[in-house]
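Participant: The following block contains the structure, expressed as structure tokens.
Every number in this text was worked out from the coordinates using simple rules, so none of it is lab data. Remember, predicted model here, so these are calculated numbers, not experimental data. So basically every Cβ, Gly included, is an ideal-geometry build from the backbone, and we count neighbours across all protein chains shown.
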Amino acid sequence: MCGIVGYIGNKRVVPVLVEGLRKLEYRGYDSAGIAVVENGELKIRRSAGKLRDLEEVLRTSPLDGQFGIGHTRWATHGRPTEENAHPHRDCKGRIVVVHNGTIDNYLDLKTRLIAAGHRFVTETDTEVIAHLLEENRAGEGVPLEDALRKVMPQLKGIFALVALTSSEAFKIVAARQGPPLVIGLGDKEYFVASDIPALLEHTRDMFFLDDGEVATVTQSGVKIVDVS
Ligand code: GLU
């Protein structure tokens, strides 16, 4: 299992993400990471080990941002190293993705993407998703949620996915095919998480995504599209 959190709102994003991950500690994990966007710049901190190891990284190398996502990993593909910790990036470092689950056809996808010129830096199955999103945005001309809708049918396996890009401000996209994802609606703030405890401190207004659904979360609300 793993834990996913995402946040768009007026609170300081890094503490919201870290506290959310803490509430998901029961899911067990071997590494953790967060990505935030600050004024169009994507910033990532990751660490092997416990959440307190990530917190130590954040203490020595602090981070601030306007929206972001976080992940605690339970490795299925690739060792539990910092390099393999989520969030994972595309070639340009503008898209990040966190993932709960397994992509069974990742080797076929990876081989094809490498042949198409994509550079991979991790041993994970998840990294293919970042590169597929990059490919399907056609040079950033396509909104991230539309790219995600095109990527979903290419993935064989189970996944809860949450992604963002530094080139689309205040937007987080999420998709579910198997593992749970819950969306939280607060007062001018929105949350995505693997489970309810990560959200309870902030809101009681929440709902689970269904399989085959893609959610687009922005400052003005949540849009759901069924692509199954
Ligand atoms: N399969 C992915 C990995 O090994 C995600 C595992 C998880 O659900 O945390 O990185």
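Participant: Just name one of 47, 63, 80: the one whose Cα is farthest towards the positive end of the charge dipole of region 34-81 (beta-carbon charges, Lys/Arg +1, Asp/Glu -1).
Facilitator: 80
Participant: Give me the count of lysine pairs in the chain whose alpha carbons sit under 20 angstrom apart, restricted to pairs 8 or more positions apart or on different chains.
Facilitator: Lysine pair count for the chain: 17.
Participant: With θ set to phi - 60° and the Karplus curve 6.51 cos²θ - 1.76 cosθ + 1.60, what are the ³J(HN,Hα) couplings of region 180-197 in order, to the nearest whole Hz, using x for Gly and Pro?
Facilitator: Taking θ as phi minus 60°, the curve returns x, 9, 10, 9, x, 10, x, 8, 6, 8, 9, 10, 10, 7, 6, 7, 4, x Hz for region 180-197.
Participant: Using only the Cα atoms of region 63-191, what semi-axes does the equivalent ellipsoid have when each is the square root of 5 times a gyration tensor eigenvalue? Give whole Å, largest first.
Facilitator: Square roots of five times the eigenvalues give 22, 17, 15 Å.
Participant: Between beta-carbons, use under 13 Å as the cut-off and find the net charge around residue 113, counting Lys and Arg +1, Asp and Glu -1.
Facilitator: Its environment carries a net charge of -3.
Participant: Also: Using a simple charge model, +1 on the beta-carbon of Lys and Arg, -1 on the beta-carbon of Asp and Glu, nothing else, what dipole does region 1-152 show about its Cα centre, in debye to the nearest 20?
Facilitator: The calculation lands at about 240 debye.
Participant: Can you give the convex hull volume per residue for the Cα atoms of region 33-99, as a whole number of Å³?
Facilitator: 84
Participant: Quick check: the distance between the Cα centres of region 41-116 and region 136-211, to the nearest angstrom?
Facilitator: Centre-to-centre distance over Cα atoms comes out at 16 Å.
Participant: Still on this structure: Mean-square fluctuation check for the chain, GNM, Cα pairs under 10 Å: which of 72, 102, 165 is largest?
Facilitator: 102
Participant: Net charge near residue 83, counting Lys/Arg +1 and Asp/Glu -1 over other residues with Cβ under 9 Å of its Cβ?
Facilitator: 0
Participant: Quick check: net charge around residue 37, other residues with Cβ under 12 Å of its Cβ, Lys/Arg +1 and Asp/Glu -1?
Facilitator: Taking every Cβ under 12 Å from that of residue 37, the sum is -1.
Participant: For the modelled label position 7 Å from the Cα of residue 188 along Cα-to-Cβ, which residues of region 12-56 have backbone nitrogen atoms closer than 16 Å?
Facilitator: 12-13
Participant: If the chain between residue 138 and residue 228 were fully stretched, how many nm would it gain, using 0.36 nm times the residue separation less the Cα-Cα distance?
Facilitator: Taking 0.36 nm per residue and subtracting the Cα distance, the gain is 30.1 nm.
Participant: Here is a further query. Can you bin region 1-121 into rounded, prolate or oblate? Criterion: square roots of the alpha carbon gyration tensor eigenvalues sorted a ≥ b ≥ c, rounded for a/c under 1.5, prolate for a/b above b/c, oblate for the rest.
Facilitator: It comes out oblate by the Cα gyration axes.
Participant: Tell me what the chain gives for mean residue ellipticity at 222 nm when only DSSP H runs of n ≥ 4 count, each as -39,500 (n - 2.57), the sum divided by the residue total, rounded to 500 deg cm²/dmol.
Facilitator: That comes out to -6500 deg cm²/dmol.
Participant: Separate question: Mind telling me which of 62, 197, 80 comes out most flexible in a GNM of the chain, alpha-carbon contacts under 10 Å?
Facilitator: In this elastic network of the chain, the residue with the biggest mean-square fluctuation among 62, 197, 80 is 62.
Participant: Here is a further query. Just need the relative contact order of the chain here, percent rounded to a whole number, with Cα pairs under 8 Å and 6+ apart.
Facilitator: Taking the mean separation of contacting Cα pairs over the length of the chain, I get 21 percent.
Participant: Give the calculated FRET efficiency between residue 41 and residue 81 to the nearest 0.05, with a Förster radius of 25 Å applied to their Cβ-Cβ distance.
Facilitator: With R0 = 25 Å, the Cβ-Cβ based efficiency is 0.50.
Participant: Just 77, 99, 131 to compare: in a GNM of the chain, with alpha carbon springs under 10 Å, which one fluctuates most?
Facilitator: 77
Participant: Only Lys, Arg, Asp and Glu count, each charged at its Cβ (+1, +1, -1, -1), so figure out the dipole size of region 1-43 about its Cα centre, rounded to 20 debye.
Facilitator: The dipole of region 1-43 has a size of about 160 debye.
Participant: OK, next. Write down Rg/Rh for the chain, rounded to two decimals, with Rg from the C-alpha atoms and Rh from the Kirkwood relation over Cα pairs.
Facilitator: With Rh from the inverse mean 1/r over Cα pairs, Rg/Rh is 0.92.
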